[in-house]
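The block underneath contains the structure these notes are about, expressed in structure tokens.
Values quoted throughout were computed directly from the atomic coordinates according to the rules given, and no laboratory measurement underlies them. On a predicted model such as this, the values are computed, not experimentally measured, just so you know.
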Amino acid sequence: MIEVLAAATGASITVAAMGLTGASRRNNEGREAVIRLTEAVNTVASRLDELHVDLKADRRETFTRLNDVEQRVAKLEARL
């Protein structure tokens, strides 16, 4: 009878320990997933910032060229 009680107690402790280990592992996996996602969001944000700077430079160049063309056309129209 004592052996059965000891076996049941040992099995209960083992199941509880496995449950705690599993919960701890899930918690660690969740933490790692949050860290990876945060890093991915930071990477996307930095790339968007770079893209924004590139677009601003491209627009500046385009509008500068358009302004030059507009001035040339105005000079040609004034001659005619």
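Per residue, the convex hull around the alpha carbon atoms of the chain comes to 52 Å³. Compared with the dominant Cα axis of the chain, that is its longest principal axis, helix 2-79 is turned about 0°. Over the chain, dividing the summed -39,500 (n - 2.57) contributions of all DSSP H runs of at least 4 residues by the number of residues returns a 222 nm mean residue ellipticity of -37000 deg cm²/dmol.
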